[in-house]
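Below: one structure, written as structure tokens.
The values are calculated or read from the model by the stated rules, or taken from the named source; none is laboratory data. Note that the structure is a prediction, hence the values are computed from the model and not measured. We place every Cβ from the backbone using ideal geometry, glycine too, and count neighbours over all the protein chains shown.
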């Protein structure tokens with residue numbers, strides 16, 4: 001893994017706070033602070049940052065900085081590689097901060113001190129912040145959220161609701177529930193109302209975390225606000241029902257979607273089908289399988305295998321065989337899972353002759369059984385004590401096949 005830290009490249013601060021109108025909390029969600037503890041300080045920042053450079057010690061009520069050229073020899077190889085990949089069109093002020101962030105080490109200075117120094121020295125506009133945040137996101141940089149949090153409180157960033165929704169969505173993707181909720185509260189505190197994008201991200205986050213009640217409350221809030229519900233919002237709520245084991249309710253919501261010509265992604269239908277299959281609810285599995293086709297999703301061998309499993313688990317051998325045959329008629333080649341499930345059907349009914357015909361039919365069609373099916377077959381034959389008999393039948397069958405091939409010439 002590439003490292004982003006180098007003690008020779010990061011700012012060093014002798015003090016823990018700066019005298020400003022607000023606390024330098026790295027989070028955009030302010031915590032109570034004692035303003036009496038914030039006094040003018042003497043501090044030194046040493047930083048190598050390209051065109052801006054090294055800060056010198058100045059004693060004053062408000063610190064002043066002077067930047068000098070960076071010494072590339074003080075960087076490690078990973079840092080040099082990251083800096084070399086920065087876009088050529090990057091402005092000097094943005095490049096300077098990117099170099100700082102690439103070389104940042106939290107043991108030497110807080111992120112708020114670094115960013116505050118950049119703001120005072122470079123007077124960035126919103127466009128500069130956006131460029132920096134985009135580069136950090138492209139690099140998947142571990143500091144991207146911290147920089148975004150700081151930016152949300154800066155006047156020069158001119159934050160709007162989409163900036164908040166982006167960071168909420170980013171936290172949601174990483175399942176950082178508390179951070180996402182803090183960002184939501186900060187957004188409301190700034191006077192921004194929740195919109196479709198923000199609430200959809202929250203539903204997805206709560207659903208993924210298995211917090212059904214919060215997902216449902218947020219979903220209902222979207223309805224009350226009259227916000228449009230797209231397949232992502234619906235799909236996330238359906239997944240919340242599935243994870244909560246409320247399959248009928250989830251299926252009802254799928255039908256509500258379909259009535260509005262809104263269809264969930266294939267992953268949602270597959271999750272519903274799998275849940276019904278694992279519980280042995282063949283009727284629910286068949287309804288979901290039918291819904292999959294109505295949604296315009298072409299069933300593949302994996303979907304068929306899940307449906308077969310539903311009938312096998314429910315003890316409905318004949319229906320499982322019908323699904324298998326329909327799959328073959330549709331031109332879908334069975335995988336090892338499908339073959340193994342059919343072996344379960346034959347074994348349960350103790351149909352040795354039928355399974356031999358089944359296996360020979362597969363071989364005629366050039367379908368070779370895999371590891372899972374082979375192991376099941378071996379265990380079954382061993383239990384029956386008919387291994388030698390089966391081998392003899394297979395040899396005779398192979399001889400007949402060779403004789404037929406010879407006669408064809």
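Those residues that are surrounded by fewer than 18 Cβ atoms within 10 Å (Cβ to Cβ) and modelled with pLDDT of 90 or more, I need them from the range 159-173; list them, please.
Within the range 159-173, 160, 161, 162, 166 meet the criteria.
Give 207, 156 a once-over and let me know the one that is farther than 25 Å from residue 112 by Cβ, outside any loop (DSSP other than H, G, I, E, B) and either touching a helix residue (DSSP H, G or I) at 6+ places or on another chain (Cβ under 6 Å) or at pLDDT below 95 (or both).
207
Can you tell me which of (1) under 20 Å from the mean Cα position of the chain (by Cα); (2) farther than 20 Å from residue 132 by Cβ; (3) in a helix (DSSP H, G or I) is the one residue 167 doesn't meet?
All conditions are met except number (2).
On the given criteria, is residue 308 assigned to a helix (DSSP H, G or I) and free of Cβ contacts under 8 Å to residues at least 40 places away in the same chain?
So residue 308 passes the test.
Counting only residues that are outside any helix (DSSP H, G or I) and at negative phi, which one in the range 328-366 is nearest to the chain's Cα centre (by Cα)?
Across the range 328-366, the extreme among qualifying residues is 335.
Is at least one residue of the range 75-90 outside any helix (DSSP H, G or I) and in contact (Cβ under 8 Å) with a residue 60 or more places away in the chain?
yes
From (1) surrounded by 21 or more Cβ atoms within 10 Å (Cβ to Cβ); (2) modelled with pLDDT under 95; (3) within 27 Å of residue 268 (Cβ to Cβ), pick out the condition that doesn't hold for residue 294.
Result: residue 294 passes all but (1).
Residue 110 is checked against (1) touching a residue at least 40 places away in the same chain (Cβ under 8 Å); (2) touching a helix residue (DSSP H, G or I) at 6+ places or on another chain (Cβ under 8 Å); (3) surrounded by 14 or more Cβ atoms within 10 Å (Cβ to Cβ) and fails just one. What number does that condition carry?
Going through the list (1) touching a residue at least 40 places away in the same chain (Cβ under 8 Å); (2) touching a helix residue (DSSP H, G or I) at 6+ places or on another chain (Cβ under 8 Å); (3) surrounded by 14 or more Cβ atoms within 10 Å (Cβ to Cβ), residue 110 breaks only (2).
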